[in-house]
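Data first, discussion second: the structure below is written as structure tokens.
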Amino acid sequence: MNWDIVAGNWKQYSGQVKTQWGKLTDDHLDVIAGKREELAGKIQEAYGLTKDEVEQQIKDFEERNKD
């Protein structure tokens, strides 16, 4: 998954992100705006996960949502 494409089409991807990580609010999604590092930080904050756990979840998300 190319995160430049995600950033450019964030409105489309944000629905998939919200489905995967339901605790993220619309405000979180606005802050993330397609930036992978922001996404990781907000997931970590919302779910209390370690950085490694979050990275694995994002990798799994990327695999499921390949272009």
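Ordering TYR47, TYR13 by the number of other Cβ atoms within 10 Å of each residue's own Cβ, fewest first, gives TYR47, TYR13.
Rounded if a/c is under 1.5, else prolate if a/b is larger than b/c, else oblate: which is the chain, with a ≥ b ≥ c the root eigenvalues of its Cα gyration tensor? Oblate.
Helical content alone sets the calculated 222 nm signal of the chain at -22000 deg cm²/dmol, taking -39,500 (n - 2.57) per DSSP H segment of four or more residues and averaging over every residue.
Relative to the Cα centre, the charge distribution of the chain, modelled as +1 at Lys and Arg Cβ and -1 at Asp and Glu Cβ, gives a dipole magnitude of about 160 debye. With the charge dipole of the chain set up from +1 on Lys and Arg Cβ and -1 on Asp and Glu Cβ about the Cα centre, the Cα lying farthest toward the positive end among the listed residues SER14, ILE43, GLN56 is that of SER14.
With 0.36 nm allotted per residue and the present C-alpha distance subtracted, the ASP27-GLU63 stretch has 10.4 nm of extension available. Of the trypsin sites (Lys or Arg not before Pro) found in the chain, the ones in coil according to DSSP and having at most 10 other Cβ atoms within 10 Å of their Cβ are LYS66.
All of the numbers you see were taken from the coordinates with simple rules; none came from a lab. Computed from a predicted model, the values in this text were never measured in an experiment. We place every Cβ from the backbone using ideal geometry, glycine too, and count neighbours over all the protein chains shown.
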